[in-house]
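J.: One structure, pasted below without further comment.
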Amino acid sequence: MRKLLNILLMLFAFAVFGQKTEHDKQLDEAANLIFTDPKKLVSISTKILLETKDYPTKIRALSKLVNAQMVLGDISQVIRNCNQGIKMAKENDDKINQVRFLSMLGNQYQQINMNADAKRNLDEAENLINIISLPKDLLFIQGNVYNVKGIVFKNELNCEFAIKYFDKALTVYDQLPAEDVVVTNRLLIDIQKAHCLESIGKTQDAEKLYAEVLDSKKDGLGYNKYFASVGLVDIYLKRKDLDRAGQLLKTIDVDDFVQYDAELTSIYYRLMAQDSYLRKNYKLYLYYFDKYNQVLLQISKFQNETIERLVINDNANFIHKNNKNVIWNFITISILVIILTLLTSFFYHFSMKKTFN
């Protein structure tokens with residue numbers, strides 16, 4: 001689900017005003033590489049970013065670079081370049097792109113459970129939204145901010161606030177055409193909202209939402225119906241309704257997503273283990289419980305490696321900044337020493353001359 005949210009954050013238009021430059025045309029031609037060859041898109045975007053001095057083209061190239069890095073799962077580089085995008089947008093008083101990069105940055109932080117950093121950036125994005133008027137074709141950005149902020153509150157187990165922001169996002173999406181991206185976001189919100197409703201004791205409301213996702217005529221992008229299915233299975237198992245849980249589990253083909261969505265895979269294995277335990281099939285229980293733990297370890301390893309890369313990058317930037325400060329301080333002190341030496345020499349010669357006279 002988190003990988004899908006990355007994709008959804010990129011699938012809205014990036015407006016280009018005025019006459020297109022040659023670099024803009026190159027970016028247009030490279031746009032389709034986002035899913036077919038994201039590494040090539042990284043190369044093209046980086047080259048244009050270094051070559052152009054035109055702000056609109058530069059910020060657009062940076063956006064394409066971030067999008068490609070999101071697909072590649074390079075969270076540390078996404079965070080680094082989102083911060084660069086925010087800085088560039090601020091320098092050019094471009095509030096819309098500030099909101100765009102802040103929302104992407106907040107999403108990256110929530111993916112590695114750095115919720116305080118996620119909330120700080122999303123709060124800043126929301127504050128900007130409140131003081132600017134987004135054109136209708138960019139309302140999707142506003143919905144994304146509310147959506148991701150809802151997820152952060154959900155991660156913090158603050159489900160009342162999470163539901164509030166999910167509802168705000170739905171209000172925005174209601175104003176947009178029913179395209180795949182919008183439909184997918186609505187389904188994702190219904191799934192997240194259902195999880196929160198169950199957490200605060202409103203199990204029947206949660207069950208109804210999950211059922212609505214399963215009955216939806218439009219599937220959207222990703223594995224929404226599988227997420228709704230595991231949500232319902234979880235409710236059935238808590239009720240010890242093994243018949244309904246078992247029937248629904250049979251409709252889930254783990255091979256469809258095992259290589260692509262670790263979060264969904266871990267939930268599926270946990271529920272299979274729980275179902276096996278309740279049926280007193282302890283051999284199968286141990287099998288699925290082991291699979292569940294393996295996926296959890298993979299998720300934990302990925303998050304730890306990402307955080308380590310962030311720490312290394314931060315330390316490298318800190319050392320680089322300190323080295324620059326040390327060099328600057330050395331130059332400043334050297335100049336002062338030279339000036340003092342010249343002044344001392346001047347006054348010495350002046351006093352000696354005065355003595356001889």
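The values are calculated or read from the model by the stated rules, or taken from the named source; none is laboratory data. What you see is a predicted model; the values in this text were computed from it and never measured. Cβ placement follows ideal geometry from the backbone for every residue including glycine, while neighbour counts extend to all protein chains displayed.
J.: Could you grab me the full set of residues in the stretch 211-260 that are among the small types (Gly, Ala, Ser) and over 18 Å from CYS196 (Cα atoms)?
T.: SER216, GLY220, GLY222, ALA245, GLY246, listed by residue number.
J.: Please go through the stretch 153-170 and pick out each residue that is aliphatic (A, V, I, L, M), surrounded by fewer than 24 Cβ atoms within 10 Å (Cβ to Cβ) and at pLDDT 90 or above.
T.: Residues satisfying the conditions are ILE163, LEU170.
J.: Scan the stretch 160-177 and give yes if some residue there is touching a Cys at 6+ places or on another chain (Cβ under 6 Å) and not aliphatic (A, V, I, L, M), otherwise no.
T.: no
J.: Consider LYS240 against the criteria (1) under 21 Å from LEU271 (Cα atoms); (2) in a helix (DSSP H, G or I); (3) among the charged types (D, E, K, R): it satisfies all of them except one. Which criterion is unmet?
T.: All conditions are met except number (2).
J.: List the helices (runs of 4 or more DSSP H) inside the stretch 75-142, counting only whole elements, that have at least 1 residues being buried (at least 16 other Cβ atoms within 10 Å of the Cβ), of a type in the set (Val, Ile, Thr) and at pLDDT below 90.
T.: 75-91
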